[in-house]
Amino acid sequence: MKDVKLSIFRHDPEKEKEGKFVEYTIPYVEGMVVLDAVRYVEENIDTTLAVRWNCKAAHCGSCSAEINGKPSLMCKTRVETLGENVNVGPMKAYPLIKDLVTDVGANWKSIKRVPAFKPKEGLQEPWRMQQVDIERSKEFKRCIECFLCQDVCHVMREHYEETDYFGPRHMVRAASLDMHPLDDLDRARFLNEDAGIGYCNITKCCQETCPEHIRITDDAIIPEKERAVDIAYDPIARLIIGRKSKKRGN
Amino acid sequence: MENKNANKHQNPAKTRLIPVEFTELNWRFWSFVLILVLGIYLLGLFQGNVSDAVSKFGLTDPWYSPTVLVIPFVGLFRLTCYAYRKDYHRHLFDHPVACELNTRQDKLGRAYTGETRFFRVENFHRYFMYIAVAILPFFYYDFYVSLTYIPGSITLSIGGIIILVNTLAATIYTFSCHSIRHLVGGRMDCFSCTAAHKSGGKAYRFQSIFNTHHEALAWTSLAMFVFVDLYIRAVAAGIIPNLHMVL
Ligand code: SF4
Ligand code: SF4
Ligand code: FES
């Protein structure tokens, strides 16, 4: 491969009504990732191109984009896996700021609304926990908040207006708190009643997309749905849980 | 706390009695319905061809066989199973038609209620799972009968082996269920905190090995079910011989 044909979405909402894909031809360098290609354009062809990135190591989660119709990290997608035509657009689930940069601020609101970590009462310091117990919560800590899962989720993308779903990233966060061995809260009721977990129809696009390979649907959403079943749909489980918590005195 | 719906619209699909998924003109869903009706019709024809066997053994009546009798229960188990839910929400109802974004553009603005309205029944999966587990021993009994149906000896037949393989597949599939994963440990936040649960989540981790392959298991076992049922009907009707060894 010699040259790469790179189509980048260009739109400055302050100046133009609609955006369009602009094609750039850039020299291919062995092993280059899409971010390298985009930065080549930014540095050598058009310095007004807006692109957000920080680590170039799939750790900061800021270079999220839609590459050839797939939400991906620009810094983790190698050009040779895409062929000669590479199409890069911003995440469409979020309002555009400029070109490839979107405003993912809505997520900070959701994050604030999920009940925060609350340690169990009477824990002795320093807090101790076993590896087996922390394992599940740890999987979710890998999240880099790239919001690609939010972008690909059809509820967030196509039904955001009429649903109150927080989105997969926030289910992952709630699950990581819920499954923490030292956390005292159960967020399943909140997820069911306020965070709209019922809108997720477990179609797993988020899980297939996550660059950190978090098993979002299998390990976070389905277990949280099952916990919601305990509370809202299963009278027998409710009875048993009620008894147990009475015994524990909480 | 701020009003969570401040900038949201009303969801018109929420007030409908019949879920939108069943009323949309969606070629995938309606072709599935067509195939289903055709399948049932063909099953009826099958009876016509084998009427001799029906009068002899009464075994191939398409509307009255063990499979048909348990279908409502195992059917509900599978219809509310997380693996099949993914498949029919995607491939029958097109929610979403694909993860691939370019393919999905035309679907903007469709009515959607997810699992909040009619499909809330999926939350009762746990109960259907209990029933499915209760039915499992009967499959083993089937295999037992296939071994002992000639009095005084043990018969090893292809049919019997197929029944056994199918039974094992159904068992593994059933035990890989997400509700079971929840019951054997998923519901706990800490495996070693209370004296009662000193297990360290062994059952949970063991179950998770199978649960990871839940979707593959679901389809393998479903395909086998159909195959076994047709095989037994064909044997009973004398269409194919049941090779066997009497020990
Ligand atoms: S599994 Fe749920 S959260 Fe994930 S993409 Fe599908 S609907 Fe969205
Ligand atoms: S869960 Fe995965 S896809 Fe979603 S924000 Fe975190 S790292 Fe990104
Ligand atoms: S630049 Fe940090 S994740 Fe891509």
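Among the residues of the stretch A:130-170, those that are part of a helix (DSSP H, G or I) and either out of contact with any Ser or Thr (no Cβ under 9 Å at 6 or more places or on another chain) or outside the structural domain of A:E193 (by TED's automatic domain parsing) (or both) comprise A:Q131, A:I134, A:E135, A:Q150, A:R157, A:E158.
In the set (1) surrounded by fewer than 22 Cβ atoms within 10 Å (Cβ to Cβ); (2) within 9 Å of ligand 1 (Cβ to nearest atom), the condition left unmet by A:H154 is number (1).
If you go through the stretch B:224-247, how many residues are touching an Asp or Glu at 6+ places or on another chain (Cβ under 8 Å) and surrounded by fewer than 19 Cβ atoms within 10 Å (Cβ to Cβ)? Write out each step before concluding.
First, pick out the residues of the stretch B:224-247 that are touching an Asp or Glu at 6+ places or on another chain (Cβ under 8 Å): B:237-238.
So of that shortlist, the ones also surrounded by fewer than 19 Cβ atoms within 10 Å (Cβ to Cβ) come out as B:238.
Number satisfying all stated conditions: 1.
I need a count of the residues in the stretch A:171-187 that are part of a helix (DSSP H, G or I) and away from ligand 1 (no atom under 16 Å from the Cβ). Of the residues in the stretch A:171-187, 2 are part of a helix (DSSP H, G or I) and away from ligand 1 (no atom under 16 Å from the Cβ). Being acidic (D, E), within 30 Å of A:D183 (Cα to Cα) and more than 13 Å from ligand 3 (Cβ to nearest atom) is a condition met by at least one residue of the stretch A:118-126. None of B:K107, B:K198 is within 27 Å of A:I236 (Cβ to Cβ) and either at pLDDT below 85 or surrounded by fewer than 21 Cβ atoms within 10 Å (Cβ to Cβ) (or both) except B:K198. Among the residues of the stretch A:113-123, none qualifies, meaning not one is assigned to a helix (DSSP H, G or I) and either closer than 25 Å to B:E100 by Cα or within 15 Å of ligand 2 (Cβ to nearest atom) (or both).
If a residue must be assigned to a loop (DSSP other than H, G, I, E, B) and surrounded by fewer than 22 Cβ atoms within 10 Å (Cβ to Cβ), how many such residues does the stretch A:92-106 contain? Before the answer, list the steps.
Our first condition is that a residue be assigned to a loop (DSSP other than H, G, I, E, B); within the stretch A:92-106, this holds for A:92-95, A:99-100, A:103-105.
If we keep only those that are surrounded by fewer than 22 Cβ atoms within 10 Å (Cβ to Cβ) too, we end up with A:92, A:94-95, A:103, A:105.
Adding up the residues that qualify gives 5.
One residue stands out among those in the stretch A:30-57 that are part of a loop (DSSP other than H, G, I, E, B) and acidic (D, E): the one that is surrounded by the fewest Cβ atoms within 10 Å (Cβ to Cβ), which is A:E30.
Looking across the stretch A:65-91, the residues that are buried (at least 17 other Cβ atoms within 10 Å of the Cβ) and either within 13 Å of another protein chain (Cβ to nearest Cβ) or without any contact (Cβ under 8 Å) to a residue 40 or more places away in the chain (or both) come down to A:A65, A:E66, A:I67, A:N68, A:K70, A:P71, A:S72, A:N87, A:V88, A:G89, A:P90, A:M91.
Residue by residue, here is whether (1) away from chain B (no Cβ under 11 Å); (2) surrounded by fewer than 23 Cβ atoms within 10 Å (Cβ to Cβ); (3) modelled with pLDDT of 90 or more holds:
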{"site": "A:E158", "(1), (2), (3)": "no, yes, no"}
{"site": "A:H170", "(1), (2), (3)": "yes, yes, yes"}
{"site": "A:R173", "(1), (2), (3)": "yes, yes, yes"}
{"site": "A:L185", "(1), (2), (3)": "no, yes, no"}
{"site": "A:E208", "(1), (2), (3)": "no, yes, yes"}
{"site": "A:I216", "(1), (2), (3)": "yes, no, yes"}
{"site": "A:D234", "(1), (2), (3)": "no, yes, no"}
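Among the residues of the stretch A:189-200, those that are outside any loop (DSSP other than H, G, I, E, B) and either more than 10 Å from chain B (Cβ to nearest Cβ) or surrounded by fewer than 22 Cβ atoms within 10 Å (Cβ to Cβ) (or both) comprise A:R189, A:F190, A:L191, A:N192, A:E193.
Scanning the stretch B:131-188 for residues that are within 19 Å of the chain's Cα centre (by Cα) and of a type in the set (F, W, Y) yields B:F138, B:F139, B:Y140, B:Y173, B:F175.
If a residue has to be of a type in the set (G, A, S), surrounded by fewer than 16 Cβ atoms within 10 Å (Cβ to Cβ) and in contact (Cβ under 8 Å) with a residue 40 or more places away in the chain to count, how many in the stretch A:107-125 make the cut? Looking only at that region, the number is 1.
The values are calculated or read from the model by the stated rules, or taken from the named source; none is laboratory data. Quick caveat, the model's predicted, so the values are computed rather than measured. Note that we place each Cβ from the backbone using ideal geometry, even for glycine, and neighbour counts take in every protein chain shown.
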